[in-house]
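Notes to accompany the following structure.
The values are calculated or read from the model by the stated rules, or taken from the named source; none is laboratory data. None of these values were measured; they are calculated from a predicted model. Neighbour counts run over all protein chains shown; Cβ positions are idealised from the backbone, glycine included.
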Amino acid sequence: MKPALILAAALAISWITAAAQDSKVQQRTGVTSTELFEKAVPNTENMDVTVLDVRYQPRGMNPRHFHPAAVTFHILEGSPVFQEEGKEPIALKSGDTLLVPAGTTHAHWNPSTTQGARWLEFIVAEKGKGRAIRKP
């Protein structure tokens, strides 16, 4: 086989494998997060506190996931929806604060077709263990 044909076949197999994996685990869309603060928690051996500024475009969504640590959301703008697995969705508004216990599978999204949504996320976790883990 010619090297170019082998490379094309390898790339096709890689693309098909990635597409199959992506179809099992939805990715977030229309969401950006900016780390505002990350620092070691004083008088602890291995704990960090992180603050994220999270922005959702109209119709932005973050599908099923969980965090190994508890996460607190404080809504700054918009009317996002939060849904814990197996429970009814909760509509939030500016000024609301929500605590999500560690390990809670949930999703959140911005149902608006015209306005964005924005909140702060506060995470206190062992170093490297506060970020979201996707679920199929």
Counting only strands (runs of 3 or more DSSP E) wholly inside the stretch 24-116, the ones holding at least 3 residues that are closer than 18 Å to K127 by Cα are 29-40, 47-66
If a residue has to be of a type in the set (G, A, S), more than 24 Å from E77 (Cβ to Cβ) and either in contact with a Phe, Trp or Tyr (Cβ under 8 Å, 6 or more places away or on another chain) or modelled with pLDDT of 90 or more (or both) to count, how many in the stretch 7-65 make the cut? 1
Cβ-Cβ under 7 Å, sequence separation 6+ or interchain: first residue in the stretch 38-66 and polar (S, T, N, Q), partner in a strand (DSSP E or B) and surrounded by fewer than 18 Cβ atoms within 10 Å (Cβ to Cβ). Which pairs? N46/E126; T50/E35; T50/F37; T50/E38; Q57/G30; N62/V31
Restricting the first residue to the stretch 101-115 and requiring it to be touching a residue at least 60 places away in the same chain (Cβ under 8 Å), which pairs with a second residue that is loosely packed, with under 15 Cβ neighbours inside 10 Å meet a Cβ separation below 9 Å and a spacing of at least six or different chains? N110/P58; N110/R59
